[in-house]
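The values are calculated or read from the model by the stated rules, or taken from the named source; none is laboratory data. All values derive from a computational prediction rather than experimental measurement. Note: ideal-geometry Cβ built from the backbone for every residue, glycine included; neighbour counts use all protein chains shown. Surface accessibility is based on the protein's heavy atoms, side chains included, excluding ligands, DNA and RNA. Shrake-Rupley method; radii C 1.70, N 1.55, O 1.52, S 1.80 Å.
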Amino acid sequence: MDNDKSRILIVDDEVFNLQFLTELLAPDYHINVAKDGKKALELTRTLQPDLIILDVVMPEMDGYKVIKKLKENDSVNHIPVIFLTSLCNSRDEEKGLSLGALDYINKPFHPAIVKARVNNILELVKHRKLIEKIALLDGLTGIPNRRAYDTSLQQQWLRFRDNNTPLSLGFLDIDYFKQYNDSYGHAAGDISLKKVAGVLDGSTSTSGGFAARYGGEEFAFILPSLTVTEAQLVAENICLNVKNLAIEHNASLVAPTLTVSIGGITLLPGHSCQLEQFTYAVDQRLYLAKKTRNTVSWSSM
């Protein structure tokens with residue numbers, strides 16, 4: 001299956017329309033179909049299609065009711081909708097657009113027009129996704145930024161509460177980085193930041209984790225479902241892998257090469273602290289690590 005293809009959900013109670021549109025669009029897109037509004041809402045939640053082509057006139061739940069339900073749901077209200085209709089008057093079109101539809105396709109279908117309108121909207125979707133992705137990446141290192149970290153931590157916190165599994169959070173600081181920049185220049189500092197980010201991202205992704213640049217020379221990483229021993233091992237490997245980069249740092253007071261300090265905590269199931277308390281405790285662990293430098297200070301809560 002080509003994962004680069006956009007996914008379209010076609011909703012129509014008439015089999016002929018479903019077959020026609022599927023055959024027309026299937027060569028270029030992944031197609032799913034629904035014959036009624038209820039099924040359309042279910043598939044939208046599970047599939048998260050890039051576009052919904054929605055018939056207006058359907059029994060039990062018409063297209064207007066379906067789009068109202070979609071727009072009330074924060075997890076799917078961003079998905080664009082094109083209405084299918086044989087109701088060719090300005091009042092019906094105005095109603096659909098006011099409910100959030102982006103376009104109309106009139107019956108009977110004209111294949112070239114259908115393809116053009118679908119393609120135009122999906123190009124807008126791709127552009128929006130690209131902008132959203134860029135907005136969540138750190139411009140220098142290419143890994144997720146502080147905004148992405150905040151979102152990911154909130155999501156993992158909810159999973160921790162719902163699934164009753166461990167959650168680990170670590171903060172990383174590059175040792176004597178101001179002195180490094182003063183000695184080697186900011187251009188060299190930027191290169192080193194990229195290299196450390198690469199180590200952090202690679203070391204955490206193999207454990208199903210998430211890494212981000214927190215700001216300056218500080219980074220954060222989230223490790224779901226690991227034991228305290230496993231999480232600490234990941235952190236220690238990060239320290240070792242950064243050391244193995246062998247980036248010269250003659251201004252460091254702990255080593256001749258660039259090193260990092262890491263503080264972290266594994267929150268065990270059943271603990272009742274708040275997220276703010278958790279992150280504060282992790283910050284205190286980083287403070288302890290920075291007293292020694294080139295080390296990991298990790299514990300459980």
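Go through segment 154-182 and report how many residues are in a helix (DSSP H, G or I), buried (at least 20 other Cβ atoms within 10 Å of the Cβ) and acidic (Asp, Glu).
Qualifying residue count, segment 154-182: 0.
I'm trying to understand the selection: among the residues of segment 16-41, which are outside any loop (DSSP other than H, G, I, E, B), more than 21 Å from residue 112 (Cα to Cα) and either of a type in the set (Ser, Thr, Tyr) or open to solvent by 70 Å² or more (accessible area, probe 1.4 Å) (or both)? It would help to see each step written out before you state the result.
Let us first name the residues in segment 16-41 that are outside any loop (DSSP other than H, G, I, E, B), namely 16-25, 30-34, 37-41.
Within this subset, residues satisfying the condition of being more than 21 Å from residue 112 (Cα to Cα) are 34, 37-41.
Residues satisfying the conditions are 38, 39.
Which condition number in (1) at pLDDT 95 or above; (2) over 17 Å from residue 204 (Cα atoms) is the one that residue 244 fails?
Result: residue 244 passes all but (2).
Got a sec? Which of 211, 235, 197 is touching a Gly at 6+ places or on another chain (Cβ under 6 Å) and either surrounded by fewer than 22 Cβ atoms within 10 Å (Cβ to Cβ) or at pLDDT 95 or above (or both)? Break it down into steps so the answer makes sense when it comes.
On the way: 211 fails: touching a Gly at 6+ places or on another chain (Cβ under 6 Å); 197 fails: touching a Gly at 6+ places or on another chain (Cβ under 6 Å).
Just one listed residue meets the conditions, 235.
Mind listing whichever residues of segment 271-282 are touching a residue at least 60 places away in the same chain (Cβ under 8 Å) and either among the β-branched types (Val, Ile, Thr) or open to solvent by 70 Å² or more (accessible area, probe 1.4 Å) (or both)? Reasoning before the result, please.
First pass over segment 271-282, keeping only residues touching a residue at least 60 places away in the same chain (Cβ under 8 Å): 275, 278-279, 282.
279, 282 - these are the residues of segment 271-282 that are touching a residue at least 60 places away in the same chain (Cβ under 8 Å) and either among the β-branched types (Val, Ile, Thr) or open to solvent by 70 Å² or more (accessible area, probe 1.4 Å) (or both).
Return yes when residue 196 is touching a residue at least 60 places away in the same chain (Cβ under 8 Å), in a helix (DSSP H, G or I), among the β-branched types (Val, Ile, Thr) and closer than 30 Å to residue 278 by Cα and no when it is not. Give the derivation first.
Details: touching a residue at least 60 places away in the same chain (Cβ under 8 Å): yes; in a helix (DSSP H, G or I): yes; among the β-branched types (Val, Ile, Thr): yes; closer than 30 Å to residue 278 by Cα: yes.
The answer is yes for residue 196.
So, in segment 238-265, of the ones that are open to solvent by less than 10 Å² (accessible area, probe 1.4 Å) and over 29 Å from residue 160 (Cα atoms), which residue ends up nearest to the chain's Cα centre (by Cα)? Give the steps one after another, and end with the answer.
Let us first name the residues in segment 238-265 that are open to solvent by less than 10 Å² (accessible area, probe 1.4 Å), namely 238, 242, 249, 258-265.
With over 29 Å from residue 160 (Cα atoms) added as a condition, the list becomes 242, 249, 258-259.
Working: 242: 26, 249: 35, 258: 31, 259: 29 Å.
Among those that are open to solvent by less than 10 Å² (accessible area, probe 1.4 Å) and over 29 Å from residue 160 (Cα atoms), it is 242.
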